[in-house]
Structures are given as C-alpha cells and as structure tokens.
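Colleague: Supplied in structure tokens, the structure appears directly below.
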Amino acid sequence: MMRHPFTLANDGWIHLVPLGEYPNSDVVQVVDPLSAQSIVNSFYRDALRPNFAGLLVDRAHFSTDLNKPSEAMGWIDAVEARAAGPCCSCSAAAWPTSPRAQP
C-alpha cells in the first residue's frame, strides 16, 4: 500500500534513488555519480536489443515470482544520471490507466 499518492514531476522524470549508501544484510550498496552513470549505460545497452519495450515497473518486484501478479505499473523509456542521482522517464502512455500497462 502506498503511503502517499503517486504524482509525476512537472518535467515527467522520476528520481529513482538518491546518491548515498544503503546497508543490506551483508554489503553496503553505494549509489554515487559513477554508479548512477553505470545504471544509465546499462539501460541504454539493454535498449539496443531487438524488441526492447522499456524497463518494467511492477509491484514490489512481483515479476520475479511466478505465483504473484506482475502487471505493469509503467515502463521506463529513458534514464539520466543527474546531480541528485539516477532519474527515469516513463511515457505518459505507460501508466496503469493505459492499455499498454494492462496484463
């Protein structure tokens, strides 16, 4: 359940993750300018594949569990490394009210 309603920024871009350190059970994940650029590079490398439709935005990573629904919440169609961290753009047609986002 979302605590706050989702609203798209005026420029249409979504801040994916702030720069910083994120401790996990056995490692600390670091998001710095270099890793933010790596995220961007990886996205555009994948985008070169035939039939690339964008990067799936699903509920709580359910697309990795075949026993849970994985309908698209949206599709990331562009990524940028910005000063505050990586950001993405999702086409307006990609949000759940559109046919593209329906299962």
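No lab work stands behind these numbers, since they all come straight from the coordinates. Only a predicted model underlies this, so the values are computations on that prediction, with no experimental measurement involved. Cβ atoms come from the backbone with ideal geometry, glycine included; neighbour counts cover every protein chain shown.
Colleague: Along segment 16-25, what does the Karplus equation 6.51 cos²θ - 1.76 cosθ + 1.60 (θ = phi - 60°) give for ³J(HN,Hα), rounded to whole Hz, x for Gly and Pro?
Modeller: 6, 7, x, 4, x, 10, 10, x, 10, 4
Colleague: Just to be sure I understand the model, the point goes 7 Å from the Cα along the line to the Cβ. What's the resulting V27 to S63 distance in nm?
Modeller: 2.1
Colleague: Let me ask you something else. Could you sort the peptides 54-61, 83-90 by per-residue average Cβ neighbour count (10 Å cutoff), highest mean leading?
Modeller: Going from most to least packed, we get 83-90, 54-61.
Colleague: Continuing with this model, one more query. What order, most packed first, do the peptides 70-76, 12-18 have when packing is the mean number of other Cβ atoms within 10 Å of each residue?
Modeller: On the way: 70-76: 18.0, 12-18: 13.9.
Most protected by this proxy first, the peptides run 70-76, 12-18.
Colleague: Here is a follow-up. Which far-off residues, 5 or more places away or on another chain, put their amide H under 5 Å from the one on V79, with H placed in the peptide plane?
Modeller: For V79, the qualifying residues are S89.
Colleague: How much length is gained on full extension from A53 to L19, taking 0.36 nm per residue of separation minus their Cα-Cα distance?
Modeller: Residue separation times 0.36 nm, minus the Cα-Cα distance, leaves 9.5 nm.
Colleague: What's the local net charge at S89, with K and R +1, D and E -1, over the other residues with C-beta under 11 Å away?
Modeller: Net local charge, S89 excluded: -3.
Colleague: Rounded to whole Hz and in sequence order, give me ³J(HN,Hα) for segment 60-76 from the Karplus expression 6.51 cos²θ - 1.76 cosθ + 1.60, θ = phi - 60°, writing x for Gly and Pro.
Modeller: Taking θ as phi minus 60°, the curve returns 6, 6, 5, 5, 8, 10, 5, 8, 10, x, 9, 4, 6, 8, x, 9, 6 Hz for segment 60-76.
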